[in-house]
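Q: Below you'll find the structure I mean.
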Amino acid sequence: MTAPRSQEAPEGLTAAQRLRQAANLVNGSTVLGVAVAVAARTDVRRGPRGMVLAGGYSWRLPFAGAFTLGNVVLCRCPADKLAAQPALLGHEEEHCSQYAWCLGFPFLPLYLLSAGWSMLRTGNPGTANVFERHAGLAAGGYPVRPRRPRRRGPSEVEA
(Lines give C-alpha, C1' and ligand atoms only; values in the text may rest on other atoms or scores of the structure.)
Protein backbone atom coordinates (compact mmCIF):
# COMPACT_ATOMS: atom_id res chain seq x y z
CA MET A 1 0.00 0.00 0.00
CA THR A 2 1.34 3.43 -0.91
CA ALA A 3 1.14 6.52 1.23
CA PRO A 4 -1.57 9.00 0.25
CA ARG A 5 -0.41 11.93 -1.83
CA SER A 6 -0.21 15.23 -0.07
CA GLN A 7 -2.55 17.92 -1.38
CA GLU A 8 0.13 20.50 -0.56
CA ALA A 9 1.99 21.90 -3.53
CA PRO A 10 5.73 21.44 -3.98
CA GLU A 11 7.71 23.80 -1.71
CA GLY A 12 4.46 24.61 0.09
CA LEU A 13 3.10 26.76 -2.75
CA THR A 14 -0.59 27.48 -2.91
CA ALA A 15 -2.53 26.89 -6.10
CA ALA A 16 -2.56 30.66 -6.75
CA GLN A 17 1.22 30.90 -6.30
CA ARG A 18 1.78 27.97 -8.67
CA LEU A 19 -0.54 29.58 -11.21
CA ARG A 20 1.29 32.91 -10.95
CA GLN A 21 4.63 31.15 -11.28
CA ALA A 22 3.48 29.28 -14.39
CA ALA A 23 1.86 32.37 -15.95
CA ASN A 24 5.01 34.46 -15.53
CA LEU A 25 7.13 31.67 -16.95
CA VAL A 26 4.86 31.29 -19.99
CA ASN A 27 4.52 35.05 -20.59
CA GLY A 28 8.32 35.40 -20.59
CA SER A 29 8.62 37.94 -17.79
CA THR A 30 10.38 35.53 -15.42
CA VAL A 31 12.74 34.49 -18.23
CA LEU A 32 13.59 38.20 -18.69
CA GLY A 33 14.13 38.51 -14.94
CA VAL A 34 16.52 35.57 -14.84
CA ALA A 35 18.39 36.92 -17.90
CA VAL A 36 18.82 40.34 -16.27
CA ALA A 37 19.87 38.72 -12.97
CA VAL A 38 22.51 36.59 -14.73
CA ALA A 39 23.75 39.49 -16.90
CA ALA A 40 24.04 41.72 -13.82
CA ARG A 41 25.97 38.96 -12.04
CA THR A 42 23.64 38.79 -9.08
CA ASP A 43 23.48 36.05 -6.48
CA VAL A 44 20.40 34.11 -7.65
CA ARG A 45 18.55 32.05 -5.05
CA ARG A 46 15.21 30.34 -4.72
CA GLY A 47 12.93 32.52 -2.62
CA PRO A 48 9.68 31.91 -0.80
CA ARG A 49 6.27 31.56 -2.43
CA GLY A 50 7.62 30.73 -5.89
CA MET A 51 9.82 33.80 -6.19
CA VAL A 52 13.46 33.98 -7.24
CA LEU A 53 15.68 36.39 -5.29
CA ALA A 54 18.61 38.02 -7.09
CA GLY A 55 20.78 39.89 -4.60
CA GLY A 56 23.63 42.28 -5.22
CA TYR A 57 22.12 44.04 -8.26
CA SER A 58 24.46 46.92 -9.12
CA TRP A 59 23.33 48.38 -12.44
CA ARG A 60 22.34 52.05 -12.33
CA LEU A 61 18.78 51.62 -13.60
CA PRO A 62 16.25 51.38 -12.21
CA PHE A 63 17.00 53.53 -9.17
CA ALA A 64 14.92 51.41 -6.78
CA GLY A 65 16.50 49.32 -4.05
CA ALA A 66 14.43 46.36 -5.28
CA PHE A 67 12.32 45.70 -8.36
CA THR A 68 10.54 42.78 -9.93
CA LEU A 69 10.62 41.17 -13.37
CA GLY A 70 8.10 38.35 -13.50
CA ASN A 71 8.74 36.20 -10.44
CA VAL A 72 12.31 37.46 -10.06
CA VAL A 73 12.98 40.06 -7.38
CA LEU A 74 16.23 41.90 -8.02
CA CYS A 75 17.67 43.84 -5.11
CA ARG A 76 20.75 45.86 -4.35
CA CYS A 77 21.16 44.22 -0.94
CA PRO A 78 22.15 40.57 -0.48
CA ALA A 79 19.29 38.12 -1.17
CA ASP A 80 19.26 36.85 2.43
CA LYS A 81 18.75 40.42 3.69
CA LEU A 82 15.74 40.81 1.35
CA ALA A 83 14.36 37.47 2.55
CA ALA A 84 14.51 38.84 6.12
CA GLN A 85 12.24 41.80 5.22
CA PRO A 86 8.74 40.29 5.05
CA ALA A 87 6.95 43.58 4.30
CA LEU A 88 9.19 44.42 1.33
CA LEU A 89 9.08 40.84 0.10
CA GLY A 90 5.28 40.89 0.27
CA HIS A 91 5.28 44.18 -1.67
CA GLU A 92 7.44 42.66 -4.41
CA GLU A 93 5.28 39.53 -4.43
CA GLU A 94 2.30 41.74 -5.30
CA HIS A 95 4.27 42.98 -8.31
CA CYS A 96 4.83 39.33 -9.34
CA SER A 97 1.07 38.91 -9.38
CA GLN A 98 0.65 42.15 -11.33
CA TYR A 99 2.93 40.78 -14.07
CA ALA A 100 0.72 37.71 -14.31
CA TRP A 101 -2.49 39.80 -14.46
CA CYS A 102 -0.98 42.06 -17.15
CA LEU A 103 0.15 39.01 -19.18
CA GLY A 104 3.83 39.81 -18.73
CA PHE A 105 5.48 42.49 -20.81
CA PRO A 106 2.47 44.86 -20.99
CA PHE A 107 3.11 45.45 -17.28
CA LEU A 108 6.26 47.45 -18.08
CA PRO A 109 4.71 50.26 -20.19
CA LEU A 110 1.61 50.31 -17.95
CA TYR A 111 3.82 50.68 -14.89
CA LEU A 112 5.89 53.44 -16.52
CA LEU A 113 2.74 55.35 -17.50
CA SER A 114 1.42 55.04 -13.97
CA ALA A 115 4.76 56.18 -12.53
CA GLY A 116 4.75 59.19 -14.87
CA TRP A 117 1.21 60.07 -13.81
CA SER A 118 2.31 59.79 -10.19
CA MET A 119 5.28 62.12 -10.83
CA LEU A 120 2.95 64.72 -12.35
CA ARG A 121 0.42 64.47 -9.52
CA THR A 122 2.69 64.06 -6.48
CA GLY A 123 6.32 64.56 -7.51
CA ASN A 124 7.02 60.93 -6.62
CA PRO A 125 6.87 57.91 -8.96
CA GLY A 126 5.08 55.71 -6.44
CA THR A 127 2.64 57.73 -4.38
CA ALA A 128 -0.13 57.92 -7.02
CA ASN A 129 1.04 54.89 -9.01
CA VAL A 130 -1.83 52.39 -9.05
CA PHE A 131 0.57 49.43 -9.08
CA GLU A 132 2.56 50.70 -6.08
CA ARG A 133 -0.58 51.67 -4.18
CA HIS A 134 -1.99 48.18 -4.69
CA ALA A 135 1.30 46.59 -3.56
CA GLY A 136 1.48 48.85 -0.46
CA LEU A 137 3.28 52.18 -0.50
CA ALA A 138 4.87 51.97 2.93
CA ALA A 139 6.10 48.40 2.40
CA GLY A 140 7.73 49.50 -0.86
CA GLY A 141 9.42 52.47 0.79
CA TYR A 142 7.22 55.08 -0.91
CA PRO A 143 5.93 58.13 0.94
CA VAL A 144 2.23 58.37 1.51
CA ARG A 145 1.73 62.04 0.72
CA PRO A 146 -1.32 63.99 -0.25
CA ARG A 147 -1.54 64.90 -3.89
CA ARG A 148 -0.23 68.27 -5.00
CA PRO A 149 -2.95 70.90 -4.93
CA ARG A 150 -4.40 71.72 -8.30
CA ARG A 151 -3.30 75.10 -9.64
CA ARG A 152 -6.08 77.56 -10.25
CA GLY A 153 -6.57 78.89 -13.72
CA PRO A 154 -7.01 82.60 -14.47
CA SER A 155 -10.80 82.32 -14.48
CA GLU A 156 -10.77 80.61 -11.06
CA VAL A 157 -8.67 83.19 -9.22
CA GLU A 158 -10.64 85.02 -6.59
CA ALA A 159 -10.75 88.82 -6.81
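Q: At a Förster radius of 25 Å, what calculated FRET efficiency corresponds to the Cβ-Cβ distance of Asp43 and Phe105, to the nearest 0.05?
A: About 0.45, to the nearest 0.05.
Q: So how far apart, in nm, are the two label points at Ser58 and Glu94 if each is 7 Å from Cα heading toward Cβ?
A: 3.2 nm
Q: If you average 1/r across every pair of different Cα atoms in segment 31-83 and take the reciprocal, what Kirkwood value do you get, in Å?
A: When all Cα pairs of segment 31-83 are included, the Kirkwood radius is 10.5 Å.
Q: Calculate the FRET efficiency for Leu120 and Ala15 from the Cβ-Cβ distance with a Förster distance of 35 Å, rounded to the nearest 0.05.
A: 0.35
Q: Each label point is 7 Å from the Cα along the Cα-to-Cβ direction; what then is the distance between the points at Arg133 and Ala22, in nm?
A: 3.3 nm
Q: If you don't mind, another one. How many percent of the accessible area of segment 1-147 is carbon or sulfur, using a 1.4 Å probe?
A: Reported share for carbon and sulfur atoms: 65 percent.
Q: Now for a different question. For segment 65-138, report the accessible area per residue in Å² (1.4 Å probe, heavy atoms, rounded to an integer).
A: Roughly 45 Å² per residue, with all protein chains present.
The values are calculated or read from the model by the stated rules, or taken from the named source; none is laboratory data. Predicted model, so just to flag it, every value in this text is computed and none were measured. Heads up, the Cβs are rebuilt from the backbone with ideal geometry, glycines too, and the neighbour counts pull from every protein chain shown. Surface accessibility is based on the protein's heavy atoms, side chains included, excluding ligands, DNA and RNA. Shrake-Rupley method; radii C 1.70, N 1.55, O 1.52, S 1.80 Å.
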